[in-house]
Amino acid sequence: MSSWRTKVLPPLLAIVFALLLSAIALIISGADPLTAYGTMIGQLFKGSTAVDTVNLATVYYLAGLAVAIGFQMNLFNIGVEGQYRFAAVTTAIIGGALNLPPVIHTVVILLVALLAGALYAAIPAILKVTRGVSEVISTIMLNSIVGGIVAFLINPDAFGVLTGNNLGTRPIAPSGHIPGIPLGSGTLFGFVIIAALIGAGYWFMLNRTRFGFELKASGESPTAAAAGGVNAKKMTLIAMLTSGAVAGLIAMPELLGRDFSYGITSTQMYGFTGIAVALLGRNHPGGIALGALLWAFLDKSAVSLEQIHVSKEIATIMQGIIVLSVVVAYEVVRRADLAAEQRRVGRALAGNGRKGSSVAEGGAV
């Protein structure tokens, strides 16, 4: 009963809460909720919207996984935004400068992305384990610094190239690209397969390896983990570096599958979206995938609301409502489950007490 309540009931409650609260927001804006929902769903089957949604969800999925690795250790890695942007510009510069055979070129680019993301995450990780500096504060500051780093590196006096009105890095040669998968009206990023493999690896690490066990144990109770011989500082360092390495891959689906260059106008804020996606998925790779698809769907279908004279910003409100609903639903069910467990223990103790009294009375007679 407890397992059913904690695994099935919270998502169902979250869906109900989100639909009701989103309907209220739509009514306040002067729209019919059913018409709005129907319009958004209908947009999914127009043109390349479905493929574009999966492509965007791939990026969000990687961001969610990067954040979730930190969450497993009770580390709030807000710096995924800075880590992926630093890795993206570094990888684009090195990838554009290299001239290697196909496959080898791509593998080298991915390795550079992993190392660059881990390197930028190493700064708050080292500060955390050596000086006790909160990773929240240090990563927020590093997120601000990365904007200046990107602007400096893609300056024409450094590694930038002016193409039309866009300033960016030198284009990566075709040998470094990851081919897409043609699907009717659109092309699916080939990186979606790599993202799925990373998700499977994340699940295997958490559930089938000693490192995953120690990671979760340290997150649940650092004191108990330390008593069991787990080095908390070492786990913190590894968790942050791993989170940063995965963050380094966030921009790769677009960089190697569509843009082939990182510019001053490249999309930002993927790292912060990853926080919401990880919360939606409860740090589970399958849940993160569903959360990424839902978030990408709302992003891509928001434009359709303008057809019924509703501001597309309503979709942003929906996203916030969904995150709030998930958090509230899980907390409500957790507290209800805890109260039920306490009642069961109380009844068991009361029953044992009555049995003990009966035995004592029988002995006295």
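The values are calculated or read from the model by the stated rules, or taken from the named source; none is laboratory data. As the structure is a prediction and not an experimental result, all values here were calculated from the model. Counting neighbours? That spans all protein chains shown, and the Cβs are built from the backbone with ideal geometry, glycine included. Accessible surface areas use protein heavy atoms only, side chains included; no ligands, DNA or RNA. Shrake-Rupley method; radii C 1.70, N 1.55, O 1.52, S 1.80 Å.
State which residue pairs qualify: first residue surrounded by 13 or more Cβ atoms within 10 Å (Cβ to Cβ) and inside segment 321-348, second residue hydrophobic (A, V, I, L, M, F, W, C) and not in a helix (DSSP H, G or I) in any location, beta carbons under 6 Å apart, and separation of 6 or more residues or different chains.
none
Mind listing whichever residues of segment 23-39 are over 30 Å from the mean Cα position of the chain (by Cα), in contact (Cβ under 8 Å) with a residue 12 or more places away in the chain and in a helix (DSSP H, G or I)?
Selection gives Thr35 alone.
So which residues in segment 166-202 are closer than 18 Å to Ala289 by Cα and either of a type in the set (Ser, Thr, Tyr) or modelled with pLDDT under 95 (or both), if there are any at all?
If the condition is that a residue be closer than 18 Å to Ala289 by Cα and either of a type in the set (Ser, Thr, Tyr) or modelled with pLDDT under 95 (or both), then Tyr202 is the only one that fits.
For segment 288-312, which residues satisfy the criterion of being open to solvent by 20 Å² or more (accessible area, probe 1.4 Å) and more than 21 Å from Lys46 (Cβ to Cβ)?
Ala289, Leu290
Can you find a residue in segment 23-30 that is loosely packed, with under 15 Cβ neighbours inside 10 Å, modelled with pLDDT under 90 and farther than 16 Å from Asp337 by Cα?
yes
Starting from segment 40-62, take each residue that is touching a residue at least 24 places away in the same chain (Cβ under 8 Å) and list its partners that are of a type in the set (D, E, K, R), counting only C-beta distances under 6 angstrom and pairs at least six apart or across chains.
Qualifying pairs under 6 Å: Thr49/Lys300; Asp52/Lys300; Thr53/Lys300.
Quick check on Ala276: is it open to solvent by 10 Å² or more (accessible area, probe 1.4 Å), closer than 25 Å to Gly132 by Cα and either at pLDDT 95 or above or touching a helix residue (DSSP H, G or I) at 6+ places or on another chain (Cβ under 8 Å) (or both)?
no
Quick one: which residue in Leu255, Leu197 is hydrophobic (A, V, I, L, M, F, W, C) and either buried (at least 23 other Cβ atoms within 10 Å of the Cβ) or closer than 21 Å to Ala125 by Cβ (or both)?
Just a single option satisfies the conditions, and that option is Leu255.
Could you please let me know if Ala239 is closer than 18 Å to Pro285 by Cα, among the small types (Gly, Ala, Ser) and either over 22 Å from the mean Cα position of the chain (by Cα) or in a helix (DSSP H, G or I) (or both)?
Yes; evaluated as a whole, the condition is true for this residue.
Can you tell me which residues in segment 54-96 are open to solvent by 30 Å² or more (accessible area, probe 1.4 Å) and modelled with pLDDT under 95?
Phe71, Gln72, Asn74, Phe76
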